[in-house]
Amino acid sequence: MPPHFKFPTADVGFWRPGEDPVVRFKNGAPDGGQYWLRHYDVVFRVPKDKPLAQAQVVLDTIQARHAKDHKEYNEGWTMRARPVSRQFADDKVRRNLWTLFAVIGFVWLIACANVAGLLVARSEARQHEMAVRGALGAGRTRLVRQLLTESLLLALLGGLSGLILTSWGIHALDAFIGGIRMKPFHVNWTVFLSAMALALITGVVFGLVLAWHASRPRLQEALKQASAATTRNRRGRFLARGLIVGEIALAVVLLSAAGLMVRSVVRLLRVDVGYRPDNLLMVHVLAPFDKYPMGVKEPHLAFMNNLYERLAALPGVASAGIWAGYADEGEYTAEAQAMPVRVVRGACGLGNENPFATLGTPLVSGRWLDNTDRGRDTVVVNEALASAFWPGQNAVGKRLRRVPGDNRGREQWEIVGVVRNAKIYGYDRQPKPMFFRPSEETYGDGPHHYFFIRTQIEPASIVRPIQVAIKEVEPDTFTPTIEIISDQLHRSTQSRRTFTLYLSLFAAIGLALATIGLYGILAYAVTRRTREIGIRMAVGASPDRVRSILLAEGMKLAFVGLAIGLVGSLAATRLLQGHLFNVSPQDPVALAIMSAFLLLVTAVACSIPARRAAKIDPMEALRYE
């Protein structure tokens, strides 16, 4: 397969025939492998004239037959048909893409306003030129054609520059985004041509409007150089300032969204996961069925004892623990909770094999399980279970009761200890109610065995020794799955981090465009008002006074844009509700920081032309044009 092909998961490196007994788990598996049917993914193609719902009817029929023939393993399970595209982009990814598409629309509007504002300023500066051309015989059509050509050339150059940036961005996207994939990333020419057409249409629309306006100069006024040099057309000035205010308002919305996402990611990374994730590995071992059949405890017990001793003795291993955190689920009730609650039935090692000691998960109340708990109805529970049944109370000494109809496990359990919730698979994964009994009591219930290993060295360097040790204890065991917990937690935030990165990038582009537009308008104002500034300084205005006038003019636009943008952001950021973590869409801290940052950037942009105006020599200004 080509290097880019990653299916059905991103970490798959090779594929074996589906009929291989090892793949189908037939050797020693219960009921000839029927237990594993619920773990299969099947890819099939539906005829174009057949709806997906019709395929679902067929799957329901097959599943009903399996549930009837193999009730112990398949009852209550379902098979669901869905488009394969959902494997690549679920609802959350699609929501992210649509949100980014809207953000790109905001950036496009800012760019349009920026170009329009600069073209307005440019058209005013060329009023005298257009008047001279008209006086020499150039028709209005020719003037419009000339100005429209300039706008189209500008749009074409911008589109080609976008193609270069897109080619670079595709490579960066390929390196940054993981996940499953069947096709390589490349530039979609249909999408690019559509974007190019949009750029040209934008150039035509703005160029046509401004060309029509600039091609109808009042010859008498335009030919008076003094008037052209000291004042600006009121309508053009209002339009240019309105465009700048709009740019800043849109930039505020983008900055507010980016600030909320950054604050959300920061809070997510600061979540207390209930243990120390540094230098921690989770090892998943799948024992061969023919040697370790389900329902027989002794072979599994010997295997786990030998394997634990070998793993704990590896150089660089600080401690190891046995875990069966997600073995089974069932419904339970308690005296204070009449409604049944779905509880995960887990298991943990005792003494030196205690996984919570390796994890660094503290005991909230009660005691740990020990050797005296073997064969008894005692369990340790997590905080999620304790709060589900006895909120605000001490759960130690309370009892759980299995609901009628569930024949797995004991009828009731006594709680002897409560441990902190442990978020193994992600910062934002809500812990399920869970209890733990001695792990050796679960041996034979299934082929899955887990170890937590804390190292004194870099975790990645001990992965290979762990694999070798497992193969030495049992050469026929399946290849173990070894996860570095810190990397796993980091991957769990990839979607949010990627979304935040692109949102921040587009917000920075929007702010840069708005700032450039504000700077351009003020710089043009200084150039057009050179004579006025010279007169002011000649009659006694100090350089500081001139600087403050122009700075106030620019900051007034910034404050108006900020006010409008904050109102818009209060509505727009509600769309981010599904992306945020423990952050309100109207979070005052994020909005205040982004507002201060925008004002700081705009103040710098305004100060540059203001300082240049303060350095104007009055005598040279009075001789200007």
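The values are calculated or read from the model by the stated rules, or taken from the named source; none is laboratory data. Everything quoted here is computed from the prediction, not taken from an experiment. Because the Cβ atoms are built from the backbone with ideal geometry, glycine has one as well, and the counts that use them run over all protein chains shown. Just so you know, the surface numbers come from the protein's heavy atoms only, side chains and all, with ligands and any DNA or RNA stripped out. Shrake-Rupley method; radii C 1.70, N 1.55, O 1.52, S 1.80 Å.
Sorting His186, His449 by solvent-accessible area of protein heavy atoms yields His186, His449, largest first, with a 1.4 Å probe. Computed over the range 553-625, the Cα gyration tensor eigenvalues convert (square root of 5λ each) into semi-axes of 40, 11, 8 Å, ordered from largest to smallest. Per residue, the convex hull spanned by the Cα atoms of the range 296-373 amounts to 135 cubic angstrom. Annotation for the range 396-488: GluC sites (Glu not before Pro) lying in DSSP loop with at most 16 further Cβ atoms inside 10 Å of their Cβ are Glu411. Put simply, when 580-591, 272-283 are sorted by average Cβ atoms within 10 angstrom per residue, most first, you get 272-283, 580-591. When the accessible area of the range 483-589 is split by element with a 1.4 Å probe, what percent falls to carbon and sulfur? Solvent-exposed carbon and sulfur of the range 483-589 make up 66 percent of the total.
Highest-first packing order for the peptide set 250-258, 59-67 is 250-258, 59-67, based on the mean count of other beta carbon atoms within 10 Å. Whole-Hz Karplus values for the range 525-538 come out as 4, 5, 5, 6, 9, 4, 5, 4, 5, x, 5, 4, 6, 5 Hz, taken residue by residue from phi with 6.51 cos²θ - 1.76 cosθ + 1.60 and θ = phi - 60°; glycine and proline positions read x. Taking all protein chains as they are arranged and a probe of 1.4 Å, the heavy atoms of Lys398 leave approximately 60 Å² accessible to solvent. Across the range 465-582, the volume of the C-alpha convex hull divided among the residues equals 193 Å³ per residue. Summary of the geometry: the range 536-587 and the range 238-281, compared by the centres of their Cα atoms, lie 18 Å apart. The largest accessible area among Phe14, Phe506, Phe559, Phe206 belongs to the first residue in Phe14, Phe559, Phe206, Phe506, and the rest follow in falling order (1.4 Å probe, all chains).
With Rh defined as the Kirkwood radius, the inverse of the mean 1/r over Cα pairs, the Rg/Rh of the range 456-505 is 1.24. Pairs exceeding a 26 Å alpha-carbon distance, out of Lys398/Lys432; Lys6/Lys297; Lys68/Lys432: Lys6/Lys297; Lys68/Lys432. Ordering Tyr292, Val273, Ala302 by Cα displacement along the dipole of the range 252-311 toward the positive end leaves Val273 in first place; charges were set at the Cβ atoms of Lys, Arg (+1) and Asp, Glu (-1). Can you tally the net charge around Ala53? Count Lys and Arg as +1, Asp and Glu as -1, for every other residue whose Cβ sits under 14 Å from the Cβ of Ala53. Taking every Cβ under 14 Å from that of Ala53, the sum is +1. Computed with a 1.4 Å probe over protein heavy atoms only, the accessible area of Leu550 comes to about 10 Å².
Summed over the residues of the range 507-579 and divided among them, the accessible surface reaches 46 Å² per residue at a probe radius of 1.4 Å. Of the whole protein surface, Arg420 contributes about 80 Å² of accessible area at a 1.4 Å probe radius.
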